[in-house]
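The values are calculated or read from the model by the stated rules, or taken from the named source; none is laboratory data. Keep in mind it's a predicted model, so treat the numbers as computed, not measured. As a convention, Cβ positions derive from the backbone with ideal geometry for all residues, glycine included, and neighbour counts pool all protein chains shown. Accessible surface areas use protein heavy atoms only, side chains included; no ligands, DNA or RNA. Shrake-Rupley method; radii C 1.70, N 1.55, O 1.52, S 1.80 Å.
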Amino acid sequence: MSANKISQPSPFARLWDSAGMLVVLAVLFLICALFVDNFLTVVNLRGLALAVATIGMVACTMMFCLAAGDFDLSVGSVVAFAGVLGATVMNRTGSVAAGVAAALGAGALTGFANGLFVARLGINALITTLASMQIVRGLGFIASDGRAIGIRTDAFFALGNTAWLGVPVPVWLTIACFTVFGVLLNLTAFGRNALAIGGNKEAAHLAGVAVTRIKITIFTLQGLIAAFAGLVLAARMTSGQPNTSQGLELEVISACVLGGVSLSGGVARIGAVIAGVLIMGIVQNAMNLLNIPPFYQYVARGVILLGAVMLDRLKQRT
């Protein structure tokens with residue numbers, strides 16, 4: 001009789017599964033506040049929030065990609081290309097709206113193409129987004145001739161260099177992204193269907209879920225939000241730079257996986273993703289304050305990524 005009983009997870013396992021990353025975030029913040037000089041200052045915390053803004057925005061839609069069983073390696077290139085394209089169009093037309101529309105359109109088109117190749121043509125997401133990553137980065141270098149494009153329209157800078165209630169606008173925009181995509185994930189059929197596709201694509205299809213359409217929509221949203229993040233970054237830097245955001249895709253995926261989003265799909269929580277983004281940002285910020293050389297920081301980020309993957313593997317076994 002006892003052999004037929006289904007084993008129940010322990011209270012600690014349930015607590016770890018539901019709030020483990022929040023506990024890790026709280027402990028990490030406390031340790032840095034106590035032992036890292038200048039960590040708990042307004043200037044540093046403001047800089048930390050700005051530093052994680054780009055990763056946070058892109059992580060919102062990467063969460064949906066991963067939840068549906070895919071991923072997108074082209075986001076860093078889209079961020080850079082959107083900044084370059086937006087700067088170029090704004091300088092030539094003198095219109096902020098035209099530059100923003102061109103950059104967002106290019107990002108959405110890139111995401112749509114990724115979704116079409118992955119969902120409609122059945123090409124592996126790794127190959128598809130690896131190819132688009134290089135194509136889009138190349139287009140950014142071609143459009144800018146390999147140089148930063150200074151933006152001459154001052155009104156555009158308000159997107160990245162102003163504050164509301166003492167908090168920088170990019171941080172408010174990141175909070176808005178977390179709110180919107182959290183609602184989409186938890187309270188809409190779109191979010192439930194994305195998780196269902198990642199959990200079992202065939203079962204979702206048999207249940208009437210429009211798998212192809214939803215995957216294309218997710219990739220299109222990913223390209224759109226990456227382009228928006230690129231515009232905000234360009235506004236902060238007052239220029240479009242083709243070299244920026246190299247390696248951003250790995251940082252975003254690391255933050256999502258660290259936040260409990262399963263690489264095999266079907267599992268995602270917006271609160272844990274926020275914790276993953278902040279953990280990555282705090283670790284980076286602490287290493288900078290401790291003057292750890294950049295070469296060692298690469299090693300640390302690689303260890304965090306490996307740890308996140310091992311954690312995901314461990315959760316799948318339990």
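Of the residues making up segment 151-174, those that are open to solvent by 60 Å² or more (accessible area, probe 1.4 Å) and among the aliphatic types (A, V, I, L, M) are 155, 165. Suppose the filter is part of a helix (DSSP H, G or I) and at pLDDT 95 or above; does residue 175 pass it? Answer is yes for this residue.
Is it the case that segment 135-149 has a residue that's touching a Gly at 6+ places or on another chain (Cβ under 8 Å) and in a loop (DSSP other than H, G, I, E, B)? Yes: segment 135-149 contains one or more residues that are touching a Gly at 6+ places or on another chain (Cβ under 8 Å) and in a loop (DSSP other than H, G, I, E, B). When you check residue 148 against the structure, is it within 22 Å of residue 238 (Cβ to Cβ) and open to solvent by 60 Å² or more (accessible area, probe 1.4 Å), yes or no? Here the answer is yes, as residue 148 does meet what is asked.
Of the residues making up segment 114-126, just one is among the aliphatic types (A, V, I, L, M) and closer than 21 Å to residue 57 by Cβ, namely 125.
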